[in-house]
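First the structure, in the form of structure tokens, and then the observations on it.
The values are calculated or read from the model by the stated rules, or taken from the named source; none is laboratory data. None of these values were measured; they are calculated from a predicted model. Neighbour counts are summed over all protein chains in view; Cβ atoms, including those assigned to glycine, are modelled from backbone coordinates with ideal geometry. Surface areas here come from the heavy atoms of the whole protein model, side chains and all, with no ligands, DNA or RNA. Shrake-Rupley method; radii C 1.70, N 1.55, O 1.52, S 1.80 Å.
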Amino acid sequence: MSILTVENLSKSYGEKVLFQDISFSVAEKQRIGVIGVNGTGKSTLLKIIAGIEPEDSGEVKKPKSYTIEYLAQNPEFAEEGTILDEIFHGDTPFIRLLKSYEVTLANLQADPDNDRYQEALFKIQQQMDAMNAWDASTQAKSILTKLGIEDHSQHVSQLSGGQKKRVAIARSLIQPADLLILDEPTNHLDIETIEWLEDYMTRYPGSILLITHDRYFLDRVTNRIIELDQGKLYSYEGNYSTFLEAKAVREQNEAASEDKRKNLLRRELAWIRRGAKARTTKQKARIQRFEELQNQSNYRKKEDLDIAIGGSRLGKKVFELENITKQYGDQTVIRDFSYIVKPYERIGIVGPNGSGKTSLLNLLAGKDTPDEGLIDIGQTVKVAYYTQENEEMNEDMRVIDYIKETAQIIRTIDGHEITAAQMLERFLFSPAMQYTYIKKLSGGERRRLYLLKVLMTEPNVILLDEPTNDLDIETLTILEDYLDDFPGVVLTVSHDRYFLDKTSDLLFVFEGNGKIRIYFGSYSEFLEEEKQKMAVSKKEEGKEKKIENEQTALAQNEKPKKLKLSYKEQKEWDTIEDKITQLEETIENIQAEIANAGHDFAKVQPLYEEEQRLTAELEQAMERWEELSELVEKIQSQK
């Protein structure tokens, strides 16, 4: 069994301790999600395991033949190289063979009469046979197709950030590895690609260690969660849902332990104050015990996240968009779009990368103007715009001074005042961190600080452009809680299904060529409807093709053969209803077992996985029953 073991690992940057003496192992086929606030060392931990960054102390143990493939959050490439060079970047004989095959095939397609290329391809095909490489080649092409990578000769320097991320993902998936390490793989991907990657991850043959803010992705892919919190590591068996339940129990226990510690501390303090002199060994021990109790707690009390900032008064008019059109060169991203944004609306903006979503936010923020049409903005509107670009920060400024530049005190809906320091604490900046210089913050911590500065302006309209790309899950939870009580309008561009489900109730759907469709409902409801439409469309196409084939067959044969069930089909038809009934009963029994298991996570997880598998099998059986039923009806109509 191939197991990677992390033993007593520690890492610090200057005075900041990321983690201290943490240990865990990665077993075969485990899919582990790593969770923690930005700045706790999640990415650093992954880099240490991948061998990219050194540890301060401790050890990462693995078998000699153990292979690791690593996808960085911001992949780097040799800009002069082609996509093909980057995808098959490995130095193993297997990868070199796949690359030679692709290069030779491309050469031959460009020059089909070249005898030298034909001879080279024949030799490589023999080597592919010998190394059983055809399945890997087919899988590689499938991965590239699903990720939308078609022109393998294109230079990486010509690609956008999103395209580079797709190439990096393809490179990681094509390389055979015992452990696949992924740092924010869903960033800059559209929903269709995220769902494909989600499905691919559940079938990945090796182990997976990943960081992601996408909670639906985390819930559906992982079977174990490890959390970094204040230098310690906590491990939970199960997916993200079971982690949330188990963590709630842990925090309750920690709170109870902290109460006990404080009670004991109070008793010891009373004894010290009575004037005990450190003469006897017993008295010395009690004084030492008091000092230990003072320094013992690492418990961080969860702050009340009721941060409903009042905001400026918002009138009846917000944005009135009248027949607006916007073009960049030959590309029309918004065409003849009209909409009246009403007070308190929550709008999600979705669509493929490059379709114009950010352009709409720029128009609403006044950073750009429409080529045609009119945007009428209400007089009371005060916009806060969280953009994808990193704001220029004075790195020699302290965290609290950066926030105080915007506001020292803000007011909540009920009239209470909240200081800059209190808001920083609620956004996970401890009192000690507030006096840290910005240059010492991680990239994620800077984005969290920038988000707070945007909210501190007390706006009544908030524009969010891909907020989930750089923020950790705990910060996103705080932001979601804030938006839930925010007394104004929110427009969000995002590919994050979970975040959009929680923060929007209608959608602007960018469909390409400037067309924007308005959808009333959640993002998950929209996606489900789109899948159903696609399924119906495919079914209709299949029926039309089937009818066309039948008509062709009839035309070719003067006496068409009568339809009849084959022996295998007849046997299947005789038993399929019983099979469906049995599957339904089994699923009901498993659901009852899950309900009875309560919080026994070790028991719930395999039951949940079995329920998912049987549900998929039931859906297939129902589809097959429909096919056979139609065939039986046609056979009976012939009689």
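Brief remarks on what is shown
- Scanning the stretch 63-76 for residues that are in contact (Cβ under 8 Å) with a residue 12 or more places away in the chain and either in contact with a helix residue (DSSP H, G or I) (Cβ under 9 Å, 6 or more places away or on another chain) or of a type in the set (Asp, Glu) (or both) yields 68, 69, 70, 71, 72, 73, 75.
- Members of the stretch 48-69 that are buried (at least 16 other Cβ atoms within 10 Å of the Cβ) and over 29 Å from the mean Cα position of the chain (by Cα): 58
- Scanning the stretch 139-148 for residues that are surrounded by fewer than 17 Cβ atoms within 10 Å (Cβ to Cβ) and touching a helix residue (DSSP H, G or I) at 6+ places or on another chain (Cβ under 6 Å) turns up nothing.
- Only a single criterion out of (1) buried (at least 18 other Cβ atoms within 10 Å of the Cβ); (2) farther than 30 Å from residue 342 by Cα is not satisfied by residue 398, namely (1).
- Taken over the stretch 214-231, the criterion of being in contact with a strand residue (DSSP E or B) (Cβ under 7 Å, 6 or more places away or on another chain) and over 17 Å from residue 603 (Cα atoms) is satisfied by 218, 221, 226, 227, 228, 231.
- Beta carbons closer than 6 Å, at least 6 apart along the sequence or on distinct chains, never pair a first residue in the stretch 143-154 that is closer than 16 Å to residue 198 by Cα and in contact (Cβ under 8 Å) with a residue 12 or more places away in the chain with a second that is polar (S, T, N, Q) and open to solvent by less than 40 Å² (accessible area, probe 1.4 Å).
- Taking first residues from the stretch 332-343 that are small (Gly, Ala, Ser) and partners that are surrounded by fewer than 17 Cβ atoms within 10 Å (Cβ to Cβ), the Cβ contacts under 7 Å between residues at least 6 apart in sequence or on separate chains come to 338/322; 338/323.
- Residue 99 vs. criteria in a helix (DSSP H, G or I), among the basic types (Lys, Arg) and surrounded by 15 or more Cβ atoms within 10 Å (Cβ to Cβ): yes
- Residue within the stretch 476-495 that is of a type in the set (Gly, Ala, Ser) and in a helix (DSSP H, G or I) present: no
- Filter pass, residue 420 being small (Gly, Ala, Ser) and open to solvent by 30 Å² or more (accessible area, probe 1.4 Å): no
- Of all residues assigned to the stretch 439-452, at least one qualifies as being farther than 27 Å from residue 353 by Cβ and loosely packed, with under 14 Cβ neighbours inside 10 Å.
- Positions within the stretch 102-138 being under 24 Å from residue 167 (Cα atoms), loosely packed, with under 15 Cβ neighbours inside 10 Å and either without any contact (Cβ under 8 Å) to a residue 12 or more places away in the chain or polar (S, T, N, Q) (or both), in sequence order: 109, 110, 134, 135, 138
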